[in-house]
Amino acid sequence: QRVGSSALSANGNWFAYNIDLVEGDGWLNLTDTKGNTTTEFMHANRPTFSNNNQWFAFQIGVSDKEEKKLKDTKKPVQNSVGLMNLSTSEIDTIKMIQSFSFSEKGDFIVMKKYKAKGVESEGTDIILRDLNSATNQLIGNVSDFSFNDAGTHLAITIDASEKLGNGVHLIDLANKTTAVLDSDTESYSELTWHYERNALAFMKSSSDT
């Protein structure tokens with residue numbers, strides 16, 4: 001056995017770490033550093049705490065045996081996300097999620113779903129969850145997303161199959177309104193927030209035949 005990836009909550013009350021095996025399935029441990037109690041999550045990894053110390057998210061995979069079976073039958077291996085309320089210990093599992101990210105304040109999480117089979121564009125569905133109200137907003141054809149450092153806005157790039165509606169959108173998390181910053185049939189990428197100022201930069205690429 002060896003210790004793999006690890007994470008410590010901002011207030012130091014929680015510590016999570018992976019136990020990896022040379023052969024066989026590892027697991028994820030979540031330890032309460034005040035009470036020294038530990039919870040185990042099988043086939044889990046990528047431990048992540050929200051900055052407000054209220055939430056713990058982790059990726060849930062499959063066993064080595066199941067992964068081999070899926071690959072032998074040429075079926076995709078798709079992960080899930082576990083979302084745990086650290087105050088109540090309640091856990092919500094969201095299936096078919098390839099990546100996730102908390103907002104800076106920790107009151108929102110974005111979960112990116114897997115791209116549908118046969119889709120040539122980079123866009124896929126994302127779920128924007130308001131952790132305070134436990135409400136979900138589904139947004140389609142998203143290729144990339146990024147929260148600003150203040151945790152007040154979410155920027156997303158749209159990449160649709162027919163390129164219609166491609167662009168960069170800005171979501172105000174306080175009132176859930178969306179502003180279209182730019183829209184075209186071109187490709188958008190490289191969302192980058194200014195560290196100190198509330199400014200956003202992005203790339204817009206076009207092909208010249």
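Laboratory data are not the source of any read-out in this text; all were calculated from the coordinates shown. As the structure is a prediction and not an experimental result, all values here were calculated from the model. FYI the Cβ positions are ideal-geometry reconstructions off the backbone, even for glycines, and counts take in every protein chain you see.
Project the alpha carbons of region 43-163 onto their principal axes and report the range along each, largest first, in whole Å.
Here the Cα extents, ordered largest to smallest, are 43, 39, 21 Å.
Aspartates and glutamates near residue 115 by alpha-carbon distance under 18 Å, same-chain residues fewer than 8 away left out - which ones?
By straight Cα distance, residue 115 reaches 125, 144, 159, 162.
How much of the pair distance distribution for the chain lies past 28 Å, counting alpha-carbon pairs only, in percent?
Summing the P(r) of the chain above 28 Å gives 37 percent of all pairs.
How large is the helix-only mean residue ellipticity at 222 nm for the chain, computed as the sum of -39500 (n - 2.57) over DSSP H runs with n ≥ 4, divided by its residue count, in deg cm²/dmol to the nearest 500?
-1000 deg cm²/dmol
Regarding region 121-209, what whole-number volume in Å³ per residue does the convex hull of its Cα atoms give?
With only Cα atoms used, region 121-209 gives 93 Å³ per residue.
Could you tell me which of the pairs 113/176; 34/112; 112/163; 71/204; 69/105 are separated by over 31 angstrom between their Cα atoms in the structure shown?
In this structure, 34/112; 71/204; 69/105 lie more than 31 Å apart at Cα.
What distance in nm separates the simple spin-label points at residue 101 and residue 133, each placed 7 Å from Cα in the Cβ direction?
Here the modelled spin labels are 2.3 nm apart.
Below 8 Å, C-alpha to C-alpha, sequence gap of six or more: please give me the relative contact order for region 40-189 in percent.
13 percent
What's the magnitude of the charge dipole for region 113-152 around its Cα centre, counting Lys and Arg as +1 and Asp and Glu as -1 at the beta-carbon? Answer in Debye, nearest 20.
220 debye
Return the FRET efficiency for the residue pair residue 90, residue 122: r is the Cβ-Cβ distance, R0 is 25 Å, and the value is rounded to the nearest 0.05.
That pair, residue 90 with residue 122, gives E of 0.15.
Charges at C-beta only: +1 for Lys and Arg, -1 for Asp and Glu. How large is the resulting dipole of region 26-105 about its Cα centre, in Debye rounded to 20?
360 debye
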